[in-house]
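Note sheet for the following structure.
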Amino acid sequence: MGAAKEEFLREFGRDYGYPGGPKTIDEIRATEFKRLGGMAYLDHAGATLYSELQMESIFKDLTANIYGNPHSQSDSSFATSDIVRSARQQVLDYLKASPKDYKCIFSSGATAALKLVGEAFPWSHQSSFVYTMENHNSVLGIREYALEQGAQAYAVNIEEAEHDTFTGNVASVRATKHQILTRNEAKFLDKDHTGSAYNLFAFPSECNFSGSKFSLELVKIVKEDLIRYSDGSPSFKGCWKVLIDAAKGCATDPPDLSKCNADFVVISFYKLFGYPTGLGALIVHTDAAKLLKRTYFSGGTVAASIADINYVKRREGIEELFEDGTIPFLSIASLCHGFKVLNSLTIPAISRHTSSLATYLRDILVALRHPNGTSVCTIYGSRSSKTLCNEMGPVVSFNLRQPDGSWVGHREVEKLASLSGIQLRTGCFCNPGACAKYLGLSHSDLATNIAAGHVCWDDCDIINGKPTGAVRVSLGYMSTYEDIKKFIDFVSTSFVSTRTHASDGSQFCGRSIHFADIGFENRYSASRFHLKSITVYPIKSCAGFSMDRWPLSSGGLLHDREWLLQSLTGETLTQKKVPEMSLLRTYIDLSQGILYIESPRCKGRLQITLNSSPCNDKREQISWHGQIYQVQGYNKEVDTWFSTAIGRPCTLLRHMSSSHCVSSCERDGIGTCRESRSRLNFPNEAQFLLISEESVSDLNNRLNSNAGKDVRRTSIQINPMRFRPNLVISGGRPYAEDEWRNIKIGNKYFRSLGGCNRCQMINFVIDAEQVQKTNEPLATLASYRRVKGKILFGVLLRYESEAGEGKTDDLWLQVGESIIPE
């Protein structure tokens with residue numbers, strides 16, 4: 001045991017690892033989560049993991065028993081009804097809810113349970129839907145039902161709780177009211193509000209963005225109308241009902257319904273114990289259930305109906321009335337095995353265990369400093385008795401900073417973490433209110449981000465110098481100190497600057513050999529560069545072919561990435577999602593004017609004539625990287641061939657014309673650029689990608705050096721073609737190409753557009769006609785080729801036609817031609 005763990009145990013040993021429990025945390029990981037190996041899984045707020053013993057018990061149960069459709073009178077149906085009845089009781093017991101006061105309605109998830117409340121709640125033009133800013137999108141969606149029925153909706157920030165001087169109990173709560181939303185011209189503030197209206201207040205038991213836990217006292221505060229708004233506006237009269245979104249908090253601290261009389265609580269079972277997915281529950285107070293109104297009826301919810309007249313008799317049971325169709329009874333049957341895991345450890349022990357890890361991680365991250373003394377980490381969320389958030393859940397959300405104070409993109413963190421065997425989540429976590437609140441994003445910022453094309457789950461992590469999301473580490477009952485230690489080591493190694501790093505905060509060490517200060521021209525005069533290979537990739541993301549000489553066109557190499565494959569839903573297919581595309585081999589015979597394609601999955605090779613029009617006469621438009629392309633398709637036989645080759649339905653499209661002509665960007669040192677003045681086919685960034693053999697050699701030396709430090713790793717040799725270059729050059733020093741602004745190949749001129757940002761495609765390896773994914777070489781490149789959130793290797797080029805004439809028909813590139821940087 002290392003000194004760091006000994007120190008951790010001295011502080012947290014009474015809470016960490018289930019002391020006195022049936023198994024220690026080390027035994028749990030060794031026997032029930034063997035599949036994790038050395039991975040650190042830190043996204044339990046997204047989906048926790050199921051135990052292997054849990055799944056064995058489920059399989060044994062389902063193979064030993066017969067469960068039939070519960071809407072019948074057979075023995076198998078009775079067996080199902082019994083197991084469902086037992087599962088409902090287990091859910092109520094988990095929340096300490098009396099079966100006299102609460103009912104458990106199963107749903108397809110927490111979102112479906114929230115939707116049920118929204119569509120069945122008795123909204124009127126006098127109703128209000130109020131929710132804390134820290135709420136999931138699935139809660140925010142309820143406002144659509146409220147607004148459609150003439151109700152108003154608005155978000156609130158809980159500012160401060162005021163306590164009674166004598167009793168210490170909460171006397172009132174001050175809150176800030178955000179903009180009141182309405183869907184018609186009715187002035188609800190002028191209405192005469194009566195006590196007949198029903199209002200709904202929603203809050204999470206634990207914010208899935210920050211981990212802040214809301215006190216259940218808020219239920220009483222809302223029901224007794226003790227919220228006072230800072231602008232002096234009155235609260236709205238009527239009967240207040242309270243909804244708690246416990247989907248996140250329920251795994252470690254379920255709401256105690258014996259102490260608070262919430263009307264609605266929603267939970268999701270895969271967040272509790274990993275399996276089953278697609279199953280949640282609405283725990284509803286019996287009085288509140290009587291208010292809910294259903295329009296639709298279905299099998300299972302009716303006692304009788306007549307097909308040809310307007311007659312239906314609905315079932316009287318609360319659960320039966322709201323569970324449409326046949327419930328997922330096999331999934332429900334598996335719940336007892338999940339609850340058995342939690343009950344064996346006990347929820348208080350799970351809460352203490354996960355809290356000890358989260359507290360330790362927060363303390364370490366807060367203490368991290370760059371050599372210049374600036375903080376590495378900004379953490380979101382904190383304990384505050386004033387705002388009724390007295391505790392923190394096992395969630396740590398944060399963003400990282402460079403030494404100069406600029407932000408590190410959260411997608412960069414996620415990408416590098418994945419390469420290091422760490423699974424976490426980044427973004428806003430479907431909680432836009434908390435995201436905007438903690439990141440300080442104004443409405444103007446959000447509108448600007450949306451106008452820039454930013455949407456959920458994309459790669460736009462920093463816009464106008466501000467982060468668009470955060471990094472989230474969330475813990476589960478099987479999380480360990482070793483998981484946290486691995487993550488801390490990763491952050492320290494990858495994002496804490498050293499004194500040798502550049503003053504701009506980048507961690508880019510582009511050159512393995514220092515250049516003497518001898519001037520740009522003299523720097524290369526002693527070194528001879530020449531063109532080693534030329535490779536054309538006719539179909540985007542498929543294998544290319546190499547030639548000794550090849551003609552240039554206005555779009556780069558003639559026919560380079562002139563075709564692409566598209567799914568039937570219109571998605572452009574690439575190796576990132578369909579690695580099997582790398583198995584498609586292509587070759588163009590210019591003398592015959594034929595494109596040949598071969599696949600190990602197809603018997604014969606496909607031939608496509610270059611100078612004939614595609615068989616589909618109808619042109620269509622597609623969008624790729626924000627540009628509009630005119631394309632044409634091929635006949636059914638061609639599409640069927642490609643569908644067989646990649647194992648999914650697709651169509652082949654050929655580029656006919658596009659509007660992709662934009663100006664080049666100014667280069668600020670070494671960086672990336674997506675802009676070009678010349679025509680492009682379907683590349684991601686530029687007409688050409690150039691790779692240096694010497695740079696690849698240096699990378700291989702680093703890979704083998706790393707392998708030598710770890711006896712478990714074997715030696716790796718990366719071929720330049722792993723990077724899918726158009727041009728491979730030889731000569732000079734490693735990474736000399738980083739400094740080039742213009743180069744001359746033979747008598748042709750090219751302009752450098754900057755470095756090529758690498759992704760996980762370079763980690764795909766073809767072995768025996770199978771595509772395998774590894775961590776290299778991207779992991780090693782990330783250790784020394786990072787700049788401004790990018791991992792750069794190779795440079796992008798644009799062809800500059802002579803004297804701007806654009807005449808390229810008679811120009812060819814030739815292997816062996818000399819290369820002169822200018």
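Rg/Rh, computed from the Cα trace of region 72-158 with Rh as the Kirkwood radius, has the value 1.12. Comparing 727, 717, 747 along the charge dipole axis of region 717-774, the residue lying farthest to the positive side is 747, per the Cβ-charge model.
Taking a ≥ b ≥ c as the square roots of the eigenvalues of the Cα gyration tensor of region 208-298, is the shape rounded (a/c under 1.5), prolate (a/b larger than b/c) or oblate? Since a/c reaches 1.5 but b/c is at least a/b, the shape of region 208-298 is classed as oblate. Helices that extend 27 Å or more along their long axis by alpha-carbon positions and average at least -0.5 on the Kyte-Doolittle scale are, among the DSSP H runs of the chain, 75-94, 347-367.
As a calculated quantity, the FRET efficiency between residue 815 and residue 455 at R0 = 30 Å, using C-beta atoms, amounts to about 0.10.
Dividing the summed -39500 (n - 2.57) terms of all DSSP H runs of n ≥ 4 by the residue count of the chain sets its mean residue ellipticity at 222 nm at -7500 deg cm²/dmol. Peptides 157-165, 726-734 ranked from most to least packed give 726-734, 157-165, packing being the mean of other C-beta atoms within 10 angstrom over each peptide's residues.
Taking a straight Cα-Cα cut-off under 18 Å and skipping sequence neighbours fewer than 8 places away in the same chain, the aspartates and glutamates within cross-link reach of residue 34 are 26, 43, 52, 56, 482, 483. Across region 392-409, computed HN-Hα scalar couplings (Karplus, 6.51 cos²θ - 1.76 cosθ + 1.60, θ = phi - 60°) run 10, x, x, 10, 10, 10, 6, 10, 9, 10, 7, x, 7, x, 6, 7, 8, x Hz from first to last residue, x flagging Gly and Pro.
Using only side-chain charges placed at the Cβ, +1 for Lys and Arg and -1 for Asp and Glu, the dipole size of the chain relative to its Cα centre rounds to 500 debye. The amide H of residue 305, built 1.01 Å from its N in the peptide plane, has 313 as neighbours under 5 Å, considering only residues 5 or more places off or on other chains.
Sorted on the mean count of surrounding Cβ atoms within 10 Å across their residues, most packed first, peptides 267-280, 455-468 read 267-280, 455-468.
Considering only alpha-carbon pairs that sit under 8 angstrom and 6 or more positions apart, the relative contact order computed for the chain is 11 percent. The HN-Hα couplings worked out from phi for region 569-584 by the Karplus form 6.51 cos²θ - 1.76 cosθ + 1.60 (θ = phi - 60°) are 8, x, 7, 6, 8, 9, 5, 4, 9, 10, x, 5, 4, 5, 7, 7 Hz, whole numbers, x standing for Gly and Pro. Return the label of the correct value of P(r) over Cα pairs in 20 Å bins from 0, in percent, as calculated from the structure shown, out of (i) 14, 44, 32, 9, 1; (ii) 12, 28, 16, 9, 10, 11, 8, 3, 0, 0; (iii) 13, 38, 34, 14, 1. Answer label, from the structure shown: (iii). Which pairs in the list 103/241; 5/788; 293/437; 177/293; 213/241 are over 23 Å apart, alpha-carbon to alpha-carbon? Where the Cα-Cα span goes over 23 Å, the pairs concerned are 5/788; 293/437; 177/293. Take the solvent-accessible surface of the protein heavy atoms, probe 1.4 Å, and return the percent of it on region 270-356 that carbon and sulfur atoms account for. Roughly 53 percent of what the probe reaches on region 270-356 is carbon or sulfur. Can you tell which of 199, 289, 212 lies farthest toward the positive end of the dipole of region 149-304, using +1 and -1 charges on the Cβ of basic and acidic side chains (Lys, Arg; Asp, Glu)? Result: 289, furthest along the dipole toward the positive end.
About its Cα centre, region 267-406 has a charge dipole of approximately 380 debye under the convention of +1 per Lys or Arg Cβ and -1 per Asp or Glu Cβ, with nothing else charged. Using the 1.4 Å probe convention, the accessible area of region 264-406 works out to 42 Å² per residue with neighbouring protein chains retained. Solvent-accessible area of residue 656, all protein chains in place: 60 Å² (probe radius 1.4 Å, heavy atoms, ligands and nucleic acids excluded). Between residue 742 and residue 436, the modelled labels are 4.9 nm apart [label points 7 Å from Cα along Cα→Cβ].
The values are calculated or read from the model by the stated rules, or taken from the named source; none is laboratory data. Quick caveat, the model's predicted, so the values are computed rather than measured. Here Cβ is always computed from backbone atoms with ideal geometry, including for glycine, and neighbour counts include all displayed protein chains. These accessible areas exclude ligands, DNA and RNA; they are computed on the full protein's heavy atoms, side chains included. Shrake-Rupley method; radii C 1.70, N 1.55, O 1.52, S 1.80 Å.
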